[in-house]
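In what follows, a structure is listed as structure tokens, so that the remarks can point back to it.
The values are calculated or read from the model by the stated rules, or taken from the named source; none is laboratory data. Since this is a predicted model, take the numbers as computed values, not measurements. Please note: Cβ atoms are built from the backbone with ideal geometry, for glycine as well, and neighbour counts cover all protein chains shown.
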Amino acid sequence: MALMEIIITAILVSIMWYLYHKHQMDNFSKKINALNHDVNNATVNREYEINKKVIEKSEELNNQILELRKQLVDVERASYEKGKKMAEDNFAKDFLVQVFPYQRHFKEKKDKLLAFGETEKVEIGYQYQFFVKGAPAFKPEIVVLETHDLKNFKLNKEAISTLVNTAIGDKSEIAGGVINIAKDVLLKK
């Protein structure tokens with residue numbers, strides 16, 4: 001009986017030890033599962049935070065890139081305008097078209113069959129000449145705008161200047177200051 005008691009005790013201790021060990025293993029397994037769950041949650045949260053920060057930083061950097069591109073365009077535009085202005089100024093210094101209002105008196109033979117004699121006429125226009133660095137490049141040219149009989153002619157010097165300014169005004173603006181219109185009227189006979 002003592003042997004039986006020892007065997008029963010050994011079996012009972014083994015069963016108890018087995019149950020205790022199984023219970024410990026289940027607890028460890030639950031703790032491992034909980035820790036794995038916590039690690040997975042932490043990993044997901046960390047990846048979410050990292051992605052969120054990466055997206056925010058990307059947007060910030062994209063905005064900075066866009067702003068720098070705008071600044072580059074502004075700098076290029078300003079540089080272009082400055083270069084254009086310098087070129088226009090240099091061109092205006094080197095090249096000039098001088099324009100003088102022009103008035104010429106002349107006599108014209110009457111062209112009728114039995115008409116004899118001459119009529120006095122007045123030609124109104126402008127004379128222009130091209131200069132390069134202050135030196136004349138071509139001979140002066142004359143453009144006649146109107147011709148009148150002297151007895152019907154009533155324009156004064158200011159009216160002639162106004163007529164020439166009107167005829168050349170658009171061209172002067174397009175030329176960018178290269179055309180200079182004089183105030184005095186050239187009188188030729």
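Residues that are over 16 Å from GLN98 (Cβ atoms) and at pLDDT 70 or above, at least 3 per element: which strands (runs of 3 or more DSSP E) completely within region 121-189 meet that?
So the answer is 141-149.
Among the residues of region 72-92, is there at least one that is surrounded by 10 or more Cβ atoms within 10 Å (Cβ to Cβ), at pLDDT below 95, among the aliphatic types (A, V, I, L, M) and not in a helix (DSSP H, G or I)?
Within region 72-92, not a single residue is surrounded by 10 or more Cβ atoms within 10 Å (Cβ to Cβ), at pLDDT below 95, among the aliphatic types (A, V, I, L, M) and not in a helix (DSSP H, G or I).
Looking at ILE142, ILE65, ILE124, can you tell me which residue is more than 30 Å from ALA159 (Cα to Cα) and of a type in the set (A, V, I, L, M, F, W, C)?
After ruling out the rest, the residue left standing is ILE65.
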